[in-house]
Every structure is written in structure tokens, then in C-alpha cells.
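Everything below concerns the one structure shown next.
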Amino acid sequence: MKEFKFKIGGTDYTATVEDMRNGHMQVTVNGQTYQVEVPQTVAQVPQSAAATHSAPQTGGPKNVVSELPGTVTTVNVSAGQRVKRGETLLVIEAMKMANDIVSEVDGTVQRVVVSAGQSVNQGDLLVEMVADFVAAEAPTLNPKPAPAAPTVASAAPAPAAPAVGNKSVTAPLPGAITKIGIKVGDTVAVGDTVLIMEAMKMENSITTEFAGKVKAILCKEGDQVQSGQVLVELD
């Protein structure tokens, strides 16, 4: 705060000036206080200072909808529950696969719209959520270049048909193999999960319809597979 003493027309004046942000000042003259705006100062306020008070935010409603038709088999959350990104909210069975429906954000469950045993269609609302508000990250100045598109020559060959009499596990739809939970020589029972496949933004547990010993694994983690492609052969 600064203090000034001066005379105007023979009258003594005492004034104090207190700096305030964004080009505004508080001026007191002989006990009378005024709020003063200095236009030039307002215009010179650094943009970075303004950004400090108006940092972009992300969050808000993040409703979860079904990516495909199926039946809800398991509901893992309830209203008011806090969840983390990647946490499984519920499980939908579709095309003989158990599909984990996971949260894409950290947040709070507002309402669970479906229940176990309920049939849902593609696009149906499953869970109403509110994502946590966090300061948005500044864009990178050196973004990584987009990966080159695969050439026609790298396309996967058409899957070979399984031999007659073989007990085989096939891909029910196109996707990517993310995890293989068995090895050659393992014994599996009907309904055992043999591998995980990502399709339509969902993790799908691929189970076997046969019991037996693993004879061959015809894919590896990271492979893109086609619908009907043989993944595992059993004796």
C-alpha cells in the first residue's frame, strides 16, 4: 500500500493506494474509499495469469452404454460407489462370450440402470456415472506421428478350417488376442477360459465347449484374428 499527501486549492489531502489484481485499485482519500479501474493495466494483464484462474476442466457425466446386444450376468457396482478407471462395472454375455464392461474414468456411480439377468440392446444405458474433475493436460508440442497404415500384403490369411473330429476353440468375432491362459499339454474342462480377446472395445473371455488336453495353440498375444479362425485345438 502506498500513501500520498498533497494540497488542492489550499486544502490538505491524504490518499492511500492499495494494488488489486487485474488492473483494479482501492484508493482512500481523506477517509473516503473508492474502487478504481486503470484500463491500460487491465489490458496488460498477462494471459497466463488469467489462465491460472480458468484452467480447463474435464469430467462430468460419463454414462456407460452397451456396445452390443446381450444379457447382463453380473453387476459389480451400486449407486454411490467410487470406481477407478479400468474397473469392471458389470459383465454381459453375448455370442457365447463373457464381456467385461469397464469404467473409462475415475468417478462415482450415480445409478445402475440394469440388473443381472436383464437383456440389453446395443446402445442401451447401463450405468450413469460422474467422472472426477481434474485439470486438463496441456497438449504436447511434439506429438508422436500416427502409425503407418498396414499394407495389403500384411493382411492376415483366411483361417484354415479345423480337421474333421478335432475339438477346436474358434474366434466368435474379429478381434485381438490380449492374453493366453493355457499352454500345450494343459488339461481343460468345459467352460474354462483359455484366452482373452479384445473386440468392440471390450475384453472377451473365450471359453472352451469341450474338455480335453491342449494339443496346439494357433495364435499368440497381440495377433489380430478373424471370425471363425481356429485358436486352440484339443485332443
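The values are calculated or read from the model by the stated rules, or taken from the named source; none is laboratory data. Computed from a predicted model, the values in this text were never measured in an experiment. With ideal geometry, Cβ positions are generated from the backbone for all residues, glycine too; neighbour counts draw on all protein chains shown. Note: accessible area is taken over every heavy atom of the protein model, side chains too, but ligands, DNA and RNA are not part of it. Shrake-Rupley method; radii C 1.70, N 1.55, O 1.52, S 1.80 Å.
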Complete set of residues in region 100-119 that are over 14 Å from the mean Cα position of the chain (by Cα) and open to solvent by less than 30 Å² (accessible area, probe 1.4 Å): 109, 114
Subset of region 120-131 (residues that are closer than 15 Å to residue 85 by Cα and surrounded by fewer than 17 Cβ atoms within 10 Å (Cβ to Cβ)): 128, 130
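Quick test for you: out of 188, 184, 169, 194, pick the one residue that is at pLDDT 90 or above and touching a Leu at 6+ places or on another chain (Cβ under 6 Å).
On the way: 188 fails: touching a Leu at 6+ places or on another chain (Cβ under 6 Å); 184 fails: touching a Leu at 6+ places or on another chain (Cβ under 6 Å); 194 fails: touching a Leu at 6+ places or on another chain (Cβ under 6 Å).
After applying the criteria, what remains is 169.
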Test: residue in region 70-87 that is out of contact with any Gly (no Cβ under 9 Å at 6 or more places or on another chain), of a type in the set (A, V, I, L, M, F, W, C) and closer than 24 Å to residue 208 by Cβ: no
Filter result (open to solvent by less than 50 Å² (accessible area, probe 1.4 Å) and either free of Cβ contacts under 8 Å to residues at least 60 places away in the same chain or within 16 Å of residue 112 (Cβ to Cβ) (or both)) within region 58-70: 64, 66, 70
The lone exception for residue 195 - which of (1) open to solvent by 20 Å² or more (accessible area, probe 1.4 Å); (2) touching a Cys at 6+ places or on another chain (Cβ under 8 Å); (3) under 21 Å from residue 101 (Cα atoms) it fails: (1)
Test: residue in region 123-132 that is under 30 Å from residue 108 (Cα atoms), acidic (Asp, Glu), at pLDDT 85 or above and assigned to a loop (DSSP other than H, G, I, E, B): yes
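Across region 169-187, what is the total count of residues that are charged (D, E, K, R) and farther than 13 Å from residue 224 by Cα?
Initial filter on region 169-187 (charged (D, E, K, R)): 179, 183, 186.
Still in the list and also farther than 13 Å from residue 224 by Cα: 183, 186.
Within region 169-187, residues that are charged (D, E, K, R) and farther than 13 Å from residue 224 by Cα number 2.
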